[in-house]
Every structure is written in C-alpha cells, then in structure tokens.
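Enquirer: Take a look at the following structure, please.
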Amino acid sequence: MAPKLWSPCVSRLIDSLTWRLAPGFLGKVARHAVQGYPWVSGDPSRLTVDPGVQLNDTLLNCASGTITIAPDIVLGHGVSLLTGTHDHRQLGSARKLTVPRTGCDIVIREGAWLASNVTGPCLIGEHAVVAAGAVVVEDIPPCAVAGGVPAHLLYRLDER
C-alpha cells in the first residue's frame, strides 16, 4: 500500500484546526493522529517511494528535482528532503520566483538510515547512516556514518 501523502495546504489546515478547535487533551490526541503523515511540496509525480517505506512526518520538497527512496530505509521524525531552491543571484521578488525545475535530485539507496531532522539534497549510499540534525550538502558514500553541519564523514561501518 502506498503511503498517504497530504499537500502542504491540507496539512496547514489540519494543524490550524487541531490547535484552535481542540486545545488540551483532545487536541493533543488529534495532533498525534495526524503527525505521522508526510508532507509533499511540489509535483508529487517527481517522488518515487518504495511501498514498504515508513515516511513518518517527512517533508518532501520536489520543486527542483526528483526524490527516489529505495526499500529498507529508516527515516527519523522531522526529516526534510529538500530539492527546492531559488536562484541566489537574483534580487528582490525575482529571487522568490526563480525556482529551477531540475538539478537538485535526492536519491536514498537501500538500507540507509536518516535520523531525526536530517535535511539536504544528495545521494545517500547503501546502508549509510546520517546522524540526527545533519545538513547533508554532498553525497554520502555507502556504509558510511556522517554527521554535522554541514555533514561530513565520521567513519565507515566496515572500519569498525
């Protein structure tokens, strides 16, 4: 069964309603019920996810590239897979409107683990591990453990 994907507009509406209409215990239950769903920004057809992957509350931004998620990966809570970018050379409202459609693809290979709050466009190699809070700005090789801001190689799994 494919994961349920909600658009950012629907997600914002649900958040707003659960916080305003149901504070207290009932609101907490309602917020917990919708927290586990991923949010997709951009064109959902640019997203390929293995059916067995649990996306949790992942933010998937497909505005400037594609996102491919292989089987047997682990995603922590709050992971942001962001292909969207703007042309930083532009000024004013032109910067806001200049969004490239390609060039920032994300590929997560089989068996990788991205801990909570990981973000960034890149290729994550097979069985790689990315530490919580890392900002990935370049590819992570297979069987590597990376962390930090920006993320860097900490050690290789086959070296231990």
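Every number in this text was worked out from the coordinates using simple rules, so none of it is lab data. What you see is a predicted model; the values in this text were computed from it and never measured. For neighbour counting, all protein chains shown are included, and Cβ atoms are generated from backbone atoms with ideal geometry for every residue, glycine included.
Enquirer: Kindly list, by first and then second residue, each pair from a residue in the range 138-155 that is within 14 Å of residue 122 (Cβ to Cβ) to a residue that is part of a strand (DSSP E or B) and among the basic types (Lys, Arg), limited to pairs with Cβ atoms under 7 Å and residues at least 6 apart or on different chains.
Expert: So the pair list comes out as 144/156.
Enquirer: Would you mind stating whether residue 111 is crowded, with 17+ Cβ neighbours inside 10 Å and touching a residue at least 24 places away in the same chain (Cβ under 8 Å)?
Expert: yes
Enquirer: Hey, among 48, 68, which residue is exposed (fewer than 15 other Cβ atoms within 10 Å of the Cβ) and part of a strand (DSSP E or B)?
Expert: 48
Enquirer: Additional query: Sort out which residues of the range 99-128 are over 15 Å from the mean Cα position of the chain (by Cα) and closer than 19 Å to residue 54 by Cα, and write them in order of number.
Expert: Scanning the range 99-128 gives 110, 111, 125, 126, 127, 128.
Enquirer: OK, next. When the residues of the range 95-128 are narrowed to those that are of a type in the set (S, T, N, Q) and part of a loop (DSSP other than H, G, I, E, B), which ends up farthest from residue 64 (Cα to Cα)?
Expert: 116
Enquirer: Need pairs with beta-carbon distance below 6 Å; first residue assigned to a loop (DSSP other than H, G, I, E, B) and within the range 72-84, second surrounded by fewer than 16 Cβ atoms within 10 Å (Cβ to Cβ); sequence gap 6+ or separate chains.
Expert: Note: pairs meeting the criteria are 72/110; 76/116; 77/116; 78/116; 78/117.
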